[in-house]
Amino acid sequence: MNRVQNAIGGERTDSASKRAGALFNPATGEQTGEVPLSTAAELDDAVAAARAALPEWANMPPLKRARFMFKFKHLVETHAADIARAISAEHGKTHDDALGEVQRGLEVIEFACGIPSLLKGEFSRNVGPNVDSYADRQPLGVVAGITPFNFPAMVPLWMYPLAVACGNTFVLKPSEKDPSAVMVVYDLFQQAGFPDGVLNVVHGDKEVVDAILHHKDIKAVSFVGSTPIAEYVYSTGTANGKRVQALGGAKNHMVVMPDADMSKAADALMGAGYGSAGERCMAISVAVPVGDETADALIEELAPRVRSLKIGAASDPDAEMGPLVSKAHQQKVLGYIDAGVQEGADLVVDGRGFKAQGFDDGYFVGGTLFDRVSTDMSIYKEEIFGPVLSVVRADSYETAANMINVHEYGNGTAIFTRDGNAARAFADQIEVGMVGINVPIPVPVAYHSFGGWKRSIFGDHAIYGPEGVRFYTRLKTVTTRWPEDIGAGAVYTFPTI
Ligand code: NAD
């Protein structure tokens, strides 16, 4: 049995907590390990270790910090398959999908390697007689990250590489559902030679999260997870004087215009709706064809594709999607399909009875497709986070755009069209943070920043990229006078030249 350890001050340690969570292989339903639900005292130890590492780390020239990051990048690259296997073992996603996750995390490390340039400040000579002014960005201190189950390696990598490159030290609280991949990457981080205590990992649940939110020595918190918890983390963290970025849930729509290539739009919806079994915050869960003819043509393309989805364990190289992460989540998704039927949606493909051969106890749900979903149904309003695609028919582009604009979530969206005018109007006017034009999952690359709008984010900063650098640093502006000729007598008026 895999017994997951904490990592505090460079030491991997067994938690003293009496509470633990069980870890499962989602393809078989077998218990494979245990994760400690650590205590607030253990979080205190991790913060103390991060604080002890801080002075040397924060004062180290950024170029030297970047050299550790280059080594880390190389190690993650060469061990990508090991990390992917650890992801799949507890999350259930296919090996290739897990490799894609590692690659997107790696790209944030690559971005962080450029930290000397990213921290370059501004300088103005002679802002007054013999007076110069410069502004630069300094680290915050000890910062923390709290991450979700669906990208167990990538989302932590959205946070700590950039945070530590900026000169902060870090305490990470990974998801308790699939914590092992984080530890594979942690070992690589240590192998890269980062000083002990720069990165610390404390596993746990609400007890550790609350300890983070109330700890006086933690200056900032990055959170990614569901909206109710994001809102809680934001309000509690900011009430305790911390800088907080909290990214929440999503309901992403893809508008299909009548002029779109239906076959390409259906292919895009398959990957975006069913990839990773729909457990992506950028998954498309609502298709909005404009006009009944478009809707009929789209359903005709989609239905056979959904019926022939290849679903299996991560070990099956042909599988296009795997199981859901847990039994509880599988039951929740099945409950949503029942609700959709009860609410009167048209169930075109029913994934409820699906069984993967040889994996009877796995947490599988088959690909599910609903047509004629209306905006008052729970399957439309709420995030299902499973392989369930809802088609909501719109009579015009305006109806489609308005539907998206009034939805409580605003993470990602896409439009498929050959009409440049429609595409440009959509990009300009839609109230969503990340927009794809003929791109179904518009996740920004590492040198841009990731963040939704509305109740998909709480806080002012998107994550990673230039916004990440701003989040993990604070501005200092210094005004200097040399030679030291400050003139005669005191001046009581506001300084001007
Ligand atoms: P979750 O909110 O259940 O858990 C996220 C983190 O919060 C975990 O570390 C968990 O231990 C902690 N947590 C859970 N309940 C808590 C509580 N009551 N008090 C304090 N902490 C608590 O989310 P999840 O199920 O792990 O992940 C899926 C969700 O994450 C989906 O809603 C998805 O859309 C969202 N997500 C969003 C993004 C984004 O960038 N916007 C990215 C990935 C996932």
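A few points about this structure:
- Computed with a 1.4 Å probe on the full set of protein chains, the accessible area for SER117 sits at about 80 Å².
- Rg and Dmax of the stretch 252-437, both derived from C-alpha coordinates alone, stand at 15.8, 51 Å.
- Mean sequence separation of contacting Cα pairs (under 8 Å, at least six apart), scaled by the length of the stretch 193-296, corresponds to a relative contact order of 22 percent.
- When the helices of the chain are scored as -39500 (n - 2.57) per DSSP H run of n ≥ 4 and the total is divided over every residue, the value at 222 nm lands at -12000 deg cm²/dmol.
- Ordering of 122-130, 100-108 by burial proxy (mean other Cβ atoms within 10 Å per residue, highest first): 100-108, 122-130
- Extension gain from VAL341 to SER315, taking 0.36 nm per residue of separation minus the Cα-Cα distance: 6.1 nm
- Across every pair of non-identical alpha carbons in the stretch 94-199, the mean reciprocal distance, once inverted, gives a Kirkwood radius of 15.6 Å.
- When peptides 155-162, 206-213, 327-334 are ranked by their average number of other Cβ atoms within 10 Å per residue, the highest-first order is 155-162, 206-213, 327-334.
- Rounded to 5, the percent of DSSP beta bridges in the stretch 252-437 classed as antiparallel: 15
- Overall, the anisotropy analysis places the stretch 239-312 in the oblate class: the square-rooted eigenvalues a ≥ b ≥ c of its C-alpha gyration tensor yield a/c not less than 1.5, with a/b not exceeding b/c.
- R0 of 45 Å, Cβ-Cβ distance GLN103-THR480: FRET efficiency to nearest 0.05: 0.50
- Taking max minus min of the alpha-carbon positions on each principal axis, the chain gives extents of 84, 57, 39 Å, largest first.
- Multiplying the residue separation of GLN331 and SER263 by 0.36 nm and subtracting their alpha-carbon distance yields 21.3 nm.
- Helix 62-78 axis, angle to the chain major axis (alpha carbon atoms, nearest 10°): 30
- Sequence-distant contacts, meaning Cα pairs under 8 Å at least 6 residues apart, place the relative contact order of the stretch 374-497 at 17 percent.
- Between the stretch 142-186 and the stretch 264-338, the Cα center-to-center distance that results, in Å: 28
- Listed residue pairs exceeding 27 Å between alpha carbons, taken from LYS264/LYS327; LYS173/LYS242; LYS73/LYS93; LYS120/LYS216; LYS216/LYS332; LYS242/LYS327: LYS264/LYS327; LYS120/LYS216; LYS216/LYS332; LYS242/LYS327
- Euclidean distance between Cα centres, the stretch 216-250 to the stretch 49-109, Å: 23
- Judged by the gyration tensor of its Cα atoms, with axes a ≥ b ≥ c, the stretch 1-118 is oblate; a/c meets the 1.5 cut and b/c is at least as large as a/b.
- In percent, rounded to a whole number, the relative contact order of the chain is 18, using alpha-carbon pairs under 8 Å and six or more apart.
- Shown is the FRET efficiency for GLU122 and LYS64, computed with R0 = 22 Å from the Cβ-Cβ distance and rounded to the nearest 0.05: 0.45.
- Oblate is the label for the stretch 297-336, because a/c, from the alpha-carbon gyration tensor with a ≥ b ≥ c as root eigenvalues, is 1.5 or above and a/b does not exceed b/c.
The values are calculated or read from the model by the stated rules, or taken from the named source; none is laboratory data. Everything numeric here is computed off the predicted structure, so don't read it as measured data. Reconstructed Cβ throughout: ideal geometry from the backbone, glycine too, with neighbour counts over all protein chains shown. For the accessible areas, the whole protein counts, side chains as well, though only heavy atoms, and no ligand, DNA or RNA atoms are used. Shrake-Rupley method; radii C 1.70, N 1.55, O 1.52, S 1.80 Å.
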